[in-house]
Amino acid sequence: MVEKKAKDFFTEEERFAIRDAIVAAEKHTSGEIRVHVENHCKGDAFEHAEKVFGKLRMHETAERNGVLFYLAVLDRTFVIYGDAGIHAKVPPDFWDTIRDHMLSHFREKRFSQGLCEGIKLAGDKLQEHFPHQKDDKDELSNDVSFS
Ligand code: CA
Ligand code: CA
């Protein structure tokens, strides 16, 4: 079986479901969640996710509370990368339970379901430290992006 590349990795329906999960999560927190998918990850996954985070200009949120779910689908690599504003307030293992939960879905190839549930969990957790504000702006796109 040929492995699916980044752009075909999700069906249109799955992409919409992921976007809807982000929109729903961002109703509870000022944190901004994005999903980025590519084929291969160059070098160290965490450092690469940090670069992608910068390229997507995700550090330009007012509270520095952007979160990137990064997937390199052909390399089977996955990173949750949160910005400095989050890490100033939470313990270093903040993402671990979310990551483990998502990986349990990914192992069974339930990628969009794993993402949607991870996004919901991230929204719930971020809400404690970054509650939704009345004058909230949607600072970062909710659409899945690819490269
Ligand atoms: Ca927002
Ligand atoms: Ca957003």
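Structure values in brief
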read-out	value
Any hit, the range 97-113, residues being in contact with a His (Cβ under 9 Å, 6 or more places away or on another chain), polar (S, T, N, Q) and within 16 Å of ligand 2 (Cβ to nearest atom)	no
Residue, surrounded by the most Cβ atoms within 10 Å (Cβ to Cβ), within the range 30-47, restricted to residues that are touching a residue at least 24 places away in the same chain (Cβ under 8 Å) and outside any strand (DSSP E or B)	31
Number of positions in the range 73-82 that are without any contact (Cβ under 8 Å) to a residue 40 or more places away in the chain and buried (at least 16 other Cβ atoms within 10 Å of the Cβ)	5
Identity of the residue in the range 1-29, part of a helix (DSSP H, G or I), β-branched (Val, Ile, Thr) and farther than 14 Å from residue 146 by Cα, that ends up nearest to the chain's Cα centre (by Cα)	22
Subset tally (residues that are outside any loop (DSSP other than H, G, I, E, B) and either among the polar types (S, T, N, Q) or free of Cβ contacts under 8 Å to residues at least 60 places away in the same chain (or both)) for the range 96-116	14
Test result for residue 85, in a helix (DSSP H, G or I), within 16 Å of ligand 2 (Cβ to nearest atom) and closer than 27 Å to residue 128 by Cα	yes
Residue, nearest to the chain's Cα centre (by Cα), within the range 70-110, restricted to residues that are within 23 Å of residue 145 (Cβ to Cβ) and of a type in the set (Lys, Arg)	99
Tabulated pairs, the range 48-71, first part of a loop (DSSP other than H, G, I, E, B), second β-branched (Val, Ile, Thr) and at pLDDT 95 or above, C-beta under 9 angstrom, 6+ apart or interchain	58/52; 58/67; 63/86; 64/86; 65/29; 65/86
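The values are calculated or read from the model by the stated rules, or taken from the named source; none is laboratory data. Here the structure is a predicted model, which is why all the values come from computation and not from measurement. Every residue, glycine as well, gets a Cβ built from its backbone with ideal geometry; the counts of neighbours run over all protein chains shown.
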